[in-house]
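Asker: To start, I am sharing the structure in question, which I have written as structure tokens.
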Amino acid sequence: MTPARENVPDNIERILFTEQQVSARIAEVAAEISEKYRGRDLKLIAVLKGSVFFLTALARAITIPVKIDFLAISSFGGPSQGPTPGLVRIAKDLDEPIHDEDVLLVEDIVDTGFTTRYLLQTLAGRGPQSLGICTLLDRSVRRIVQVPIDFRCFEIPDRFVVGCGLDHRQLYRNLGYIAVLDPERG
Amino acid sequence: MALLTISGDPASRWEEVAQAVAQLLDFELVTETRLAQWMTEEFGETPLPARVWAPAAVAVLARLAREHPLLIALDGAERLFRPAPWVMRARITTSDAHRVGKLMLDLRLEKSEALARLRELDAEQKRLRKARFKGVSADPESFDLTLSLTNMDAAQAAEVLAAAAAKRLDQQGLLSPNAADEIEFETRLELAKRGIVPAGRARVTRASFGHPSEEMFANLLDFYRIQWEYEPRSFPLQWDKNGGVTEAFTPDFYLPELDLYVEVTTMKQSLVTRKNRKVKMLRAIYPHINIQVFYQKDFQDLVFKYGLKMVHS
């Protein structure tokens, strides 16, 4: 069901995927993950903050037992970076080691591949049994660095999107749908 | 003059550490490609024999290091300069399992393919060392500091190395101009015996970006510790009947670790169309060259998301 226009923020240009479409697709992907990792110990690792909403929905739809953990990395141009962008770094590390575990990195969006590559390199260096990627959104038209994506919910066009954890200056993460944002609007 | 050399095993991510340390210390990063460009400026287009590569490299580097602190990120760099208070030589290692993992990720290879590729890279490194320095392996005593990335990530290693280098080079003092002259004299004498005379033409030039988009893209690559070179190569696209090049294309960036060229676009649609045409031609003429276009929309997202300042043109 599409929300009434009066309940949609003015900056939203259009809704790409409704809450129902998102839930249904996450359930499909969760079923694939449950099948692939059946009989194994799966750990879902989400990147704060954007992936939290997706991780929660995904974990609840997966039918095998899973562990979860979180990490956070500094943002390009983020408030702590000062006038120069500095270097990407782990701002919050995992609580537990991942050695010999089946790990699935849960991303809200993969576009250029820079962030995902950095995360994969970081996690691969910790000796997991396996390392996969599950992303809510894949904006592959912007890919610079190729990264192997095991599970994707939606391929999206070359537009700025918010909702389901994705933000614009920290806002709109809580929208249940995925929408194209026009910051000039509203 | 302050010199820091960093080298390591293939696929150990030592280049990534070097890139980050150069940024932390604000040293000029000397990569294989950059040194090759300087040596071409200095000695001409004809490749130098491998046996004089080391003194030729030292002749160029010793002169440039008078004006700029250098981080020399080259395989075998530790053998270029004798142990001295003004030079620090570091080595990055990691386990074979991690090196295989890196190749699997970067080159999208299966484990067996990555293992085979790693053996090829190790063999290539040995061949290069033998040709340039006669010895094939890195002597542990040739390094002041060795860091393993087996239980440390590249960012942590870069911080440790930068702190150690800053401390050592600061405490030990810099090379006197007389000592620099002596190094240059020794290497020039060795080259002169073989009839090679450095011309003194090589210069350290910081990338002068043609557009703010390019500078922001360079910042983005630095942020993710991805090595880059600015406009290192031109590709002829059209020729006249005499074989003269009538049209060429110089992609903005080359990312050596990914073997990837990147062209950055601007807001002007006419320029985007022209660049797209050239990228298409390049792909047709040079199918083995990997090139990606980074569109202005990608920057818009950064601007939208983080409120960065961006100059449009």
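Asker: Using a Cα-Cα cut-off of under 12 Å, which aspartates and glutamates could be cross-linked to A:Lys92, ignoring same-chain neighbours fewer than 8 residues away?
Answerer: Correct list for A:Lys92: A:Asp69.
Asker: I've got another one for you. So how strong a dipole does chain B carry about its Cα centre when Lys and Arg Cβ are +1 and Asp and Glu Cβ are -1, to the nearest 20 debye? Intermediate values should be presented prior to the final figure.
Answerer: Values: 42 positive and 43 negative charges, 137 e Å.
Computed charge dipole of chain B: roughly 660 debye.
Asker: List, in the order given, every pair from B:Lys241/B:Lys278; A:Lys67/B:Lys111; B:Lys111/B:Lys134; B:Lys241/B:Lys275 whose Cα-Cα distance in the structure shown is over 29 Å. Show your work: numbers first, answer last.
Answerer: Values: B:Lys241/B:Lys278 20 Å; A:Lys67/B:Lys111 26 Å; B:Lys111/B:Lys134 32 Å; B:Lys241/B:Lys275 25 Å.
Exceeds cut-off: B:Lys111/B:Lys134.
Asker: For A:Ser75, B:Ser7, what ranking results if the residue with the fewest other Cβ atoms within 10 Å of its Cβ goes first? Each step should come with its number before you reach the end.
Answerer: Working: A:Ser75 17, B:Ser7 25.
So the residues, fewest neighbours to most, are A:Ser75, B:Ser7.
Asker: Arrange the following residues from fewest to most other Cβ atoms within 10 Å of their Cβ: B:Phe43, A:Phe54, B:Phe209. If you can, show how the numbers build up before the last one.
Answerer: Working: B:Phe43 21, A:Phe54 27, B:Phe209 16.
Going from least to most buried by this count: B:Phe209, B:Phe43, A:Phe54.
Asker: Ratio to report: Rg/Rh of chain B, with Cα atoms as the point set and Rh obtained by the Kirkwood method; give two decimals.
Answerer: Numbers: Rg = 20.9 Å, Rh = 21.4 Å.
Checking Rg against Rh, the ratio lands at 0.98.
Asker: Just how far, in whole angstrom, is region A:152-170 from region B:71-117 if you go by their alpha carbon centroids?
Answerer: A separation of 37 Å, based on Cα centres.
Asker: Would you mind giving the three semi-axes, in whole Å and largest first, of the ellipsoid equivalent to the protein assembly as shown according to its Cα gyration tensor? Intermediate results must be reported in sequence, preceding the final value.
Answerer: Details: eigenvalues 384, 151, 89 Å².
Taking √(5λ) for each eigenvalue gives 44, 27, 21 Å, largest first.
Asker: Amide H to amide H, which residues 5 or more places from A:Val161 or on other chains are under 5 Å from it, using H placed in the peptide plane?
Answerer: Here A:Leu181 satisfy the definition.
Asker: Listing B:Met39, B:Met152, B:Met216 from the residue with the fewest other Cβ atoms within 10 Å to the one with the most, what is the order? Present the calculation step by step, with values, prior to reporting the outcome.
Answerer: Working: B:Met39 20, B:Met152 17, B:Met216 24.
Ascending number of Cβ neighbours within 10 Å: B:Met152, B:Met39, B:Met216.
Asker: Rounded to the nearest 20 Debye, what is the dipole magnitude of region A:8-162 about its Cα centre when Lys and Arg each give +1 and Asp and Glu each give -1 at the C-beta? All intermediate terms of the calculation are to be shown ahead of the outcome.
Answerer: Numbers: 18 positive and 21 negative charges, 45 e Å.
It comes to approximately 220 debye.
Quick note: the coordinates plus some simple rules give every number you see, no bench work behind them. The structure displayed is predicted, hence computed values, not measured ones. Glycine also receives a Cβ, built like all others from the backbone with ideal geometry; neighbour counts cover every protein chain displayed.
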